[in-house]
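A.B. asks: Mind having a look at this structure? Questions to follow.
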Amino acid sequence: MRISRLLGVLILSILTFLLADVILRIAPGGYTHMIDFLSQPWPWYVAGPLIGLIVPMLLLLGGKQFGVSANLRHLCAVLDTKVEFFQYDWKSGTWNLVLIMGVLIGGWISMGFLENPDPIAISEATRSDLALLGVTEFRGLVPSQYFSWEGLLSGPGIVLMVLGGFLVGFGARWAGGCTSGHAISGLADLQLPSLVAVLGFFAGGLIATFVILPLVL
Amino acid sequence: MSTSKMGASRLIPYLLIGIYLGIVFTKSEVISWYRIQEMFRFQAFHMYGIIGSAVVVAAISIQIIKKWRVRALGGSEIVIPPKEMGSGTRYWAGGTVFGLGWAFAGACPGPLFALVGNGVTVMLVTIVAAVAGTFAYGVVRPRLPH
């Protein structure tokens, strides 16, 4: 029963793929146009709704809530320590750990086939503000002068990558969620606590951006 | 909830959703440190447009699911547990701590993994640091206000 279902999905996917392939071959310049389009950075009105759809997808698939930072707790629970907060069956979060592995693979696919060759198109104002702080590198997704294995040994690198990561993990669990759990799932469900958390996200982000980064970079 | 006894084949949809999310994260550049800086400096609409439209689409979907009492694929009821406000301390204080980290690292938990996939392997260090931060929270939790 389950195998026949799986086969059905597989056959349908192959048929869809073949149909798309035929259309793209017939259309003038089909394949190059499609790859060109996909290689561009996607505008907010495409990306936002695509991200929002994750919420109903997970609910409909198995009544699951979209929340990425829960995985950090699951990883602590895997370690199996004496800390009470991590005494639960982490296997209940296997689906979420698998999802986050998918995110990693998705990033890898994007890099391999759909990479945008141009420097990132941030606003001119941001560019000059960051240049004043000492950012010289505007290629790629992150400034490699800080975000690289060599940069890790520098003061800014430690603050941005190590302290940044630590605060993300600590804060997300204290607040009971991160951007996906509070800003997207929580706000969408009109949860007041999530609004408070999101205001906190911005308070912290503004302090870091305007007070601490000028001292560190 | 029999989620702990999930067969491997039932996990495939979650892997596909993750891959989809990783591609959208990358192509919309929300995993970019530059984009997060641009957001906190209020110098572009991009990030606000993404989060805002994601919330609207998710909110409409949730309303439809609630109104029509749509069931999950296996036939089970969909319940979204409300968050307890309590004193609210955990939300503003924890939120502020998270915000500091978000601006430093230029990425929240999901994008950290997408960045590793994109070849920024040093972000593995940030992921380990985030796990350490989560662990530290677990240790001091009984002494923190919530």
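The values are calculated or read from the model by the stated rules, or taken from the named source; none is laboratory data. Fair warning: this is a prediction, and the values are worked out from it, not measured in the lab. All Cβ positions, even for glycine, are placed from backbone atoms using ideal geometry, and neighbour counts span all protein chains on display.
A.B. asks: From the residues in segment B:75-106 that are of a type in the set (D, E, K, R) and buried (at least 17 other Cβ atoms within 10 Å of the Cβ), which one is modelled with the highest pLDDT?
C.D. replies: B:ARG90
A.B. asks: Name the helices (runs of 4 or more DSSP H) wholly within segment B:6-119 that hold at least 3 residues that are within 7 Å of chain A (Cβ to nearest Cβ), under 20 Å from A:LEU195 (Cβ atoms) and out of contact with any Phe, Trp or Tyr (no Cβ under 6 Å at 6 or more places or on another chain)?
C.D. replies: B:46-67, B:89-105
A.B. asks: Going by what's in this entry, would A:VAL198 be described as at pLDDT 95 or above, out of contact with any Pro (no Cβ under 7 Å at 6 or more places or on another chain), among the aliphatic types (A, V, I, L, M) and assigned by TED's automatic domain parsing to the domain that holds A:GLN65?
C.D. replies: Criteria met by A:VAL198.
A.B. asks: Something else: Please determine whether any residue of segment A:159-168 is among the aliphatic types (A, V, I, L, M), within 23 Å of B:TYR14 (Cα to Cα), touching a residue at least 12 places away in the same chain (Cβ under 8 Å) and crowded, with 20+ Cβ neighbours inside 10 Å.
C.D. replies: no
A.B. asks: What are the residues in segment A:83-114 that are facing chain B (nearest Cβ under 7 Å), outside any helix (DSSP H, G or I) and not acidic (Asp, Glu), if any?
C.D. replies: A:VAL83 - this is the single residue of segment A:83-114 that is facing chain B (nearest Cβ under 7 Å), outside any helix (DSSP H, G or I) and not acidic (Asp, Glu).
A.B. asks: Additional query: Among A:LEU75, A:LEU61, A:LEU53, which is within 25 Å of B:GLY49 (Cα to Cα) and either at the interface with another protein chain (Cβ under 7 Å from one of its Cβ atoms) or at pLDDT 95 or above (or both)?
C.D. replies: Step by step, each of A:LEU75, A:LEU61, A:LEU53 is checked, and only A:LEU53 is within 25 Å of B:GLY49 (Cα to Cα) and either at the interface with another protein chain (Cβ under 7 Å from one of its Cβ atoms) or at pLDDT 95 or above (or both).
A.B. asks: Another question, if that's okay. Within segment A:122-171, restricting attention to residues that are hydroxyl-bearing (Ser, Thr, Tyr) and part of a loop (DSSP other than H, G, I, E, B), which residue is farthest from B:TYR91 (Cα to Cα)?
C.D. replies: A:THR136
A.B. asks: Anything in segment B:129-146 that is part of a helix (DSSP H, G or I), facing chain A (nearest Cβ under 7 Å) and more than 15 Å from the chain's Cα centre (by Cα)? List them, or say none.
C.D. replies: Selection gives B:ALA129, B:ALA132, B:GLY133, B:PHE135, B:ALA136, B:TYR137, B:GLY138, B:VAL139, B:ARG141.
A.B. asks: Tell me which residues, restricted to segment A:159-212, are more than 7 Å from chain B (Cβ to nearest Cβ) and within 18 Å of A:LEU133 (Cβ to Cβ).
C.D. replies: A:PHE210, A:VAL211, A:ILE212
Yes/no matrix, rows are residues, columns are (1) over 16 Å from the mean Cα position of the chain (by Cα); (2) crowded, with 18+ Cβ neighbours inside 10 Å; (3) farther than 29 Å from A:GLY204 by Cβ; (4) at pLDDT 95 or above:
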residue	(1), (2), (3), (4)
B:LYS5	yes, no, yes, no
B:ALA8	yes, no, yes, no
B:SER28	no, yes, no, no
B:SER32	no, yes, no, yes
B:PHE45	yes, no, no, no
B:TYR48	no, no, no, yes
B:VAL55	no, yes, no, yes
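A.B. asks: Okay, next question. Regarding segment B:118-132, can at least one residue be identified that is buried (at least 20 other Cβ atoms within 10 Å of the Cβ), of a type outside the set (Ser, Thr, Tyr) and over 30 Å from A:LEU132 (Cα atoms)?
C.D. replies: yes
A.B. asks: Something else now. Starting from residues that are part of a helix (DSSP H, G or I) and in contact with a Ser or Thr (Cβ under 7 Å, 6 or more places away or on another chain), keep the ones in segment A:172-182 and report whichever is surrounded by the fewest Cβ atoms within 10 Å (Cβ to Cβ).
C.D. replies: Among residues in segment A:172-182 that are part of a helix (DSSP H, G or I) and in contact with a Ser or Thr (Cβ under 7 Å, 6 or more places away or on another chain), the one surrounded by the fewest Cβ atoms within 10 Å (Cβ to Cβ) is A:GLY181.
A.B. asks: With the structure loaded, tell me whether A:THR94 is in contact with a Lys or Arg (Cβ under 8 Å, 6 or more places away or on another chain) and surrounded by 15 or more Cβ atoms within 10 Å (Cβ to Cβ) or whether it fails that test.
C.D. replies: No: the conditions fail for A:THR94.
A.B. asks: Which residue pairs have Cβ atoms closer than 9 Å, lie 6 or more positions apart in sequence or on different chains, and pair a first residue in segment A:175-200 that is under 15 Å from B:TRP92 (Cβ atoms) with a second residue that is among the basic types (Lys, Arg) and modelled with pLDDT of 95 or more?
C.D. replies: The qualifying pairs are A:ALA175/B:ARG90; A:GLY176/B:ARG90; A:PRO193/B:ARG90; A:ALA197/B:ARG90.
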